[in-house]
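Worksheet: one structure, shown below.
The values are calculated or read from the model by the stated rules, or taken from the named source; none is laboratory data. These numbers come from a predicted model, not from an experiment. Virtual Cβ from ideal backbone geometry, glycine too; neighbours counted across all protein chains shown.
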Amino acid sequence: MPFETPADLDAAGACLGPAELLGEAAEVIRSTVAFGLSRDDLEAGWREMVGVRSALDACEARFAAEIDRLDDFGDRSAVVLRRVSGCSGAAAKRSAGRAAVLAQMPNVESALGAGHITAEHADVLASAAGLAGTDAVNDASRLLEVASSTNVESTRRAANDRVRDLRKGLTPTEEYRRQRALRSLRISQTAEGLTKATALMDPATGAAFKAIIDDIAQRFADADRDDKRPDAPEPRTYTQCRADALAALIGTDERRAALRWYTEVDHRDEEFSTQRWGTPRPEPLPPLAAQHLAELPADIDLAGVRAPVPLPIDTKTGNAAIAHA
């Protein structure tokens, strides 16, 4: 028989484990009906749902943090969450990352558990903590007040302001080191089978990268515009020109890339290949896109671009120390 009031759930807390207690709470929620309620009642119920969802997200974070704290050689929380819920790997990693940060920010976790903020607010604050430190966010009462009383967009602006305020006291070298510490390159695959790359670069590397990519991309765009052949392929968009510029810069050979595609992705598995194509090998290889002029322009000068001089220069440690910080 499901519990009917929160007091019933509290009274049973001493005799039920968390699984049973949460199961009873879920049963109460499932039995709630909306038909026939007034607008005021529906909106009031919706407000309570937001609080319930936030409480569940906080509870999930506590469970995830505890699983990752265990020293029992079991699966990490992201693996467990994906197994029990069927969620995407990205969602599981996001939940595990949120749990790890909230474990270091009790004030933010309390606000989430109390329903004052949502998981989206918590994720914004967690991102800010990655830039400014957990203490700088957890102890920022004004920032928590903004998160508790406004939407996610306003919270993000307030968090960005907080990060900028903390950066004002940094020397140029400290700021550069902070940016270098945040550099990353993430490579993943989309549902369409495309490869997605997201990069964060320090200003010196980013400026050099943008300069050489845009230089080549503009030349490709100009070549497409000037291509008057009757069978000329449709001109590329500028973002496509940028992608081809990167391919040219790293020396991509399309035929070799297609062969590598065949050997590396999941259709190398014979059973999978047979199910998809009806044959152990996809014959022929997937057709390549219409050919454009995609070779690196002969007059591109890469001198000083592949290894840009990092700025600012730290006279105590030298360029090499900064470049690899």
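Which of the following residues is surrounded by 17 or more Cβ atoms within 10 Å (Cβ to Cβ), in a helix (DSSP H, G or I), of a type in the set (G, A, S) and at negative phi: A129, A55, A100? Unique residue meeting the criteria: A129.
Looking at L194, L200, which one is without any contact (Cβ under 8 Å) to a residue 12 or more places away in the chain, surrounded by fewer than 17 Cβ atoms within 10 Å (Cβ to Cβ) and under 19 Å from the mean Cα position of the chain (by Cα)? Steps first, please.
On the way: L200 fails: without any contact (Cβ under 8 Å) to a residue 12 or more places away in the chain.
Matching residue, one of L194, L200: L194.
Pairs are defined by a Cβ separation below 7 Å, a sequence spacing of at least 6 or placement on different chains, a first member in segment 26-37 that is in a loop (DSSP other than H, G, I, E, B), and a second member that is surrounded by 10 or more Cβ atoms within 10 Å (Cβ to Cβ) and modelled with pLDDT under 90; the pairs so defined are S31/P2.
Here's the yes/no breakdown for (1) among the β-branched types (V, I, T); (2) in a strand (DSSP E or B); (3) not assigned by TED's automatic domain parsing to the domain that holds A248:
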{"position": "R156", "(1), (2), (3)": "no, no, yes"}
{"position": "D161", "(1), (2), (3)": "no, no, yes"}
{"position": "S188", "(1), (2), (3)": "no, yes, yes"}
{"position": "A191", "(1), (2), (3)": "no, no, yes"}
{"position": "A207", "(1), (2), (3)": "no, no, no"}
{"position": "A211", "(1), (2), (3)": "no, no, no"}
{"position": "A221", "(1), (2), (3)": "no, no, no"}
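From R186, R178, which residue is out of contact with any Gly (no Cβ under 7 Å at 6 or more places or on another chain), under 27 Å from A132 (Cβ atoms) and modelled with pLDDT under 80? Walk me through it before giving the result.
Values: R186 fails: modelled with pLDDT under 80.
Selected residue: R178, the only one of R186, R178 that is out of contact with any Gly (no Cβ under 7 Å at 6 or more places or on another chain), under 27 Å from A132 (Cβ atoms) and modelled with pLDDT under 80.
Residues that are loosely packed, with under 15 Cβ neighbours inside 10 Å and either at pLDDT 85 or above or part of a helix (DSSP H, G or I) (or both) within segment 244-257 comprise E254, R255, R256, A257, listed in sequence order. Restricting attention to segment 152-187, the residues being loosely packed, with under 12 Cβ neighbours inside 10 Å, without any contact (Cβ under 8 Å) to a residue 40 or more places away in the chain and not acidic (D, E) number 8.
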